[in-house]
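Take a look at the structure set out below.
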Amino acid sequence: MADYADLCADTASTQTANSDGCALEQLDSDNDGVNDAEEVAEGTDPEDSTSFPPITIETFAASPTNISSKGQQVELRWRVSGHRN
């Protein structure tokens, strides 16, 4: 199917597309923020929004690293993998 005539623009010619012209990488059937291809690869159900790949915290940082007084504000930052939004 030509890109101009399908629901998913820019589907690579190397990807298998459904009847709407969409590859699994372009779909999120359960709207959980993880594409169907990633869910299938991880063994989770792309039709179930409560089933998604595990989330792994790769890095975690607090600033400042030492708290000197009660009520002091601390900024927390983290990077996760496994679940994309």
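Tabulated data for the structure shown
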{"quantity": "Exclusive hit being among the hydroxyl-bearing types (Ser, Thr, Tyr) and surrounded by 10 or more Cβ atoms within 10 Å (Cβ to Cβ), set Ser19, Ser29, Ser13", "calculated": "Ser29"}
{"quantity": "Qualifying residue in the range 55-65 (condition: under 11 Å from the mean Cα position of the chain (by Cα) and touching a residue at least 12 places away in the same chain (Cβ under 8 Å))", "calculated": "yes"}
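Residues are listed down the side, and each one gets a yes or a no for (1) surrounded by 15 or more Cβ atoms within 10 Å (Cβ to Cβ); (2) modelled with pLDDT under 90:
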| position | (1), (2) |
| --- | --- |
| Met1 | no, yes |
| Cys8 | yes, yes |
| Glu39 | yes, yes |
| Ser51 | yes, yes |
| Ile55 | no, yes |
| Phe60 | no, no |
| Gly71 | no, no |
| Val80 | no, yes |
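The values are calculated or read from the model by the stated rules, or taken from the named source; none is laboratory data. Please read these numbers as outputs of a predicted model, since none were measured by experiment. We place every Cβ from the backbone using ideal geometry, glycine too, and count neighbours over all the protein chains shown.
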